[in-house]
Amino acid sequence: MALRKFFIKRLFQSIIVFLACSAIIFTLVRLSGVNPITSILGGGKETPEAIAAVRIKYHFDQPLLVQYFFWIGNIFKGNFGESYKFLQPVTTLIMERLKVTTGLILISLMITPLTAIAGGMLSAVKKNTWLDRFISISSLVMLSIPSFLTGILMIFIISTFTPGISFVGSFQNLGEFFLRLIFPAIALSLSNIAIVLRITRNKMIEQLNSNYVLNATAKGLSFRRIIFGHAFKNALSPILTIVGIQIGAMLSGTVLVENVFALPGVGSLLVDSIKASDYPVVQGLALLFIFVFVSINLIIDISYGIIDPRIRVNKS
């Protein structure tokens, strides 16, 4: 009962956050100063009759609040509007590009948590040794370099020393799909690995220095059981938080990485749509990013309630 109440409360809060963000997106896009009618009609077609028809079709003749309710109402019906530039439904454009971006993030997710958590745990266990210092310095370097610069450096280095590797190509089969995305996924992952690794290291050191670990050691429990059965389990909640945040960061990071590696994903679509002042596509993609981020945070909150019953009792 407590878990269900906790879930309902978190779900309601997530819906409120989603709606608030949608209103902010809708408003900010219209503060850009670009006349959407110009984007729709293009140069030389702005006759009074055409302008009047566009204003009625897209509800530009209505107050801003009414336009918002038209837009958000259609969103909940699965209608994201029609692109001004491509003259296609926004949903179709996003679905065509979503496969590449989803693959990029999934490969990054295979790399980031496992590498970062394993490295953070190893660094904590080997605290103040040469291995700990090497891992810490490496994570600091990875954290200091933004993903787009990492991508540029990777292309330069790999093209120079292994010219046989190509960064362009099709996605005809799973092998080509993976080969085309593995290097962008690594570039996207490095800074996220560094953040998760440092959090894992700090939380594991905190747990390893706690009284209950000293007591478990005194009782003769095996080192493996102390690490995985006690210390890591208690350090898991903050690690989950930062992993969830980094998944959201990956989604925004794809905007830059996809453009560096010329990938036909939603990130490159967003950049093209911003350049073309394509309001419906920009709004749809921004809302998609927010939906993913809010959903991830909801899943993490529910995971907290499952892992630690005290959280759902105290916050329900």
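Side notes on the structure shown:
- D301, D132, reordered so the largest accessible area comes first (probe 1.4 Å): D301, D132
- Region 115-164 versus region 177-237: alpha-carbon centroid distance in Å: 17
- Heavy-atom accessible surface of region 199-295: percent carbon and sulfur, 1.4 Å: 65
- For region 65-179: relative contact order, % (alpha-carbon pairs under 8 angstrom, 6 or more apart): 8
- Highest average first, the peptides 56-69, 209-222, 85-98 ordered by how many other beta carbon atoms sit within 10 Å of their residues are 85-98, 56-69, 209-222.
- Nearest-10 value in Å² for the accessible area of S144, using the 1.4 Å probe: 80
- Kyte-Doolittle mean at least -0.5 and Cα axial length at least 20 Å: DSSP H helices in the chain: 2-30, 90-125, 130-144, 147-161, 174-208, 232-260, 279-307
- Rounded, prolate or oblate (a/c below 1.5 giving rounded, otherwise prolate when a/b exceeds b/c) for region 15-107 by Cα gyration tensor: oblate
- Accessible area per residue for the chain is 54 Å², calculated with a 1.4 Å probe on protein heavy atoms, without ligands, DNA or RNA.
- Peptides 100-111, 288-299, ordered by how many other C-beta atoms sit within 10 Å of their residues on average, highest first, read 100-111, 288-299.
- Rounded if a/c under 1.5, otherwise prolate or oblate - region 38-92, Cα gyration tensor axes: oblate
- Cα point-scatterer Debye curve for the chain, base-10 log of I(q)/I(0) at q = 0.06 Å⁻¹: -0.29
The values are calculated or read from the model by the stated rules, or taken from the named source; none is laboratory data. What you see is a predicted model, and the numbers here were worked out from it, not measured in a lab. Quick reminder, even Gly has a Cβ in these numbers, built from the backbone with ideal geometry, and neighbours come from all protein chains shown. Accessible surface areas use protein heavy atoms only, side chains included; no ligands, DNA or RNA. Shrake-Rupley method; radii C 1.70, N 1.55, O 1.52, S 1.80 Å.
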